[in-house]
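See structure below.
The values are calculated or read from the model by the stated rules, or taken from the named source; none is laboratory data. What you see is a predicted model; the values in this text were computed from it and never measured. No Cβ is skipped: glycine too gets one built from the backbone with ideal geometry, and neighbour counts run over all protein chains shown. Each accessible area value is taken on the protein alone, full model and side chains, heavy atoms only, with ligands, DNA and RNA left out. Shrake-Rupley method; radii C 1.70, N 1.55, O 1.52, S 1.80 Å.
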Amino acid sequence: DAGITQSPRHKVTETGTPVTLRCHQTENHRYMYWYRQDPGHGLRLIHYSYGVKDTDKGEVSDGYSVSRSKTEDFLLTLESATSSQTSVYFCAITDPTYNEQFFGPGTRLTVL
Amino acid sequence: KQEVTQIPAALSVPEGENLVLNCSFTDSAIYNLQWFRQDPGKGLTSLLLIQSSQREQTSGRLNASLDKSSGRSTLYIAASQPGDSATYLCAVIGAAGNKLTFGGGTRVLVKP
């Protein structure tokens, strides 16, 4: 299995509070991604990174920011959480050999 | 904009029957196509990756075909087992080689 961990694995928070999710990889790959998965919407890309300090928006980036200060860590921040951000969040990396993506175990976030 | 469709959304078969899962995509300019498995409450596990220059890829009981010109991929699972019960997702990587677009998935139930 690709060395990807996510923390926390579960979180319950209240509307209006800031939340940061962490993705850590041990593969030293350049590309990292954040997705959210919701019933009826499938997996949607939030943000991705193509190197340290290099990030770009995905299709559902509003309300989210990201940072990557080290190759191994990619942080997703909800500045002021809303109930619509209740979801399961997955981090992924790309192995550049064939551009195959590997996913982390996910973080279940509930915003009350 | 690339769109990926998986029909049917759910499928139930008796144990031992071969499974045929379909994936269609609208833009044939893809870098590669990837099939994933997702068990309830878990992350995505990569099953097979087909490069755009390939017609098929095999791993054990799994065989995936790719027809770029018609925008279709099919995942075959031979001699299904109850342990094959899961949701199967296909995803295409665009020509730039760095972002996946996912289908909605097919939920499979294999009855003993």
Under the condition of being more than 7 Å from every other protein chain (Cβ to nearest Cβ) and part of a loop (DSSP other than H, G, I, E, B), which residue from segment A:89-111 is farthest from residue A:4 (Cα to Cα)? A:97
So residue A:54, is it within 18 Å of residue B:99 (Cα to Cα) and free of Cβ contacts under 8 Å to residues at least 60 places away in the same chain: yes
Do we have residue B:29 as out of contact with any Ser or Thr (no Cβ under 7 Å at 6 or more places or on another chain), among the aliphatic types (A, V, I, L, M) and modelled with pLDDT under 95 here? yes
Kindly evaluate residue B:79 against the criterion of being under 11 Å from residue B:33 (Cα atoms), away from chain A (no Cβ under 11 Å) and among the small types (Gly, Ala, Ser). no
Mind listing just one residue for me: the one in segment A:21-54 that is closer than 18 Å to residue A:107 by Cα and in a loop (DSSP other than H, G, I, E, B) and, of those, farthest from the other protein chains (Cβ to nearest Cβ)? A:39
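Could you tell me which of the residues B:73, B:69 is within 17 Å of residue B:24 (Cβ to Cβ), away from chain A (no Cβ under 14 Å) and either open to solvent by less than 30 Å² (accessible area, probe 1.4 Å) or touching a residue at least 60 places away in the same chain (Cβ under 8 Å) (or both)? So that I can check it myself, show each step before the final result.
Working: B:69 fails: either open to solvent by less than 30 Å² (accessible area, probe 1.4 Å) or touching a residue at least 60 places away in the same chain (Cβ under 8 Å) (or both).
On inspection, the qualifying residue turns out to be B:73.
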Would you pick out the residues in segment A:39-57 that are open to solvent by 20 Å² or more (accessible area, probe 1.4 Å) and within 22 Å of residue B:5 (Cα to Cα)? A:39, A:40, A:41, A:44
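So which residues in segment B:82-103 are within 8 Å of chain A (Cβ to nearest Cβ), in contact (Cβ under 8 Å) with a residue 12 or more places away in the chain and not hydrophobic (A, V, I, L, M, F, W, C), if there are any at all? Reasoning before the result, please.
Of the residues in segment B:82-103, the ones within 8 Å of chain A (Cβ to nearest Cβ) are B:89, B:91, B:93, B:97-100, B:102-103.
Next, only the ones that are in contact (Cβ under 8 Å) with a residue 12 or more places away in the chain stay: B:89, B:91, B:93, B:97, B:100, B:102-103.
B:97, B:103 - these are the residues of segment B:82-103 that are within 8 Å of chain A (Cβ to nearest Cβ), in contact (Cβ under 8 Å) with a residue 12 or more places away in the chain and not hydrophobic (A, V, I, L, M, F, W, C).
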Taking segment B:42-62 as the search range and keeping residues that are part of a loop (DSSP other than H, G, I, E, B) and either aliphatic (A, V, I, L, M) or more than 8 Å from chain A (Cβ to nearest Cβ) (or both), which one is farthest from residue A:98 (Cα to Cα)? B:61
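In segment B:18-41, what residues are part of a strand (DSSP E or B) and either open to solvent by 20 Å² or more (accessible area, probe 1.4 Å) or more than 14 Å from residue B:77 (Cβ to Cβ) (or both)?
First, the residues of segment B:18-41 that are part of a strand (DSSP E or B): B:19-25, B:30-38.
Result: B:20, B:22, B:24, B:25, B:30, B:31, B:32, B:33, B:34, B:37, B:38.
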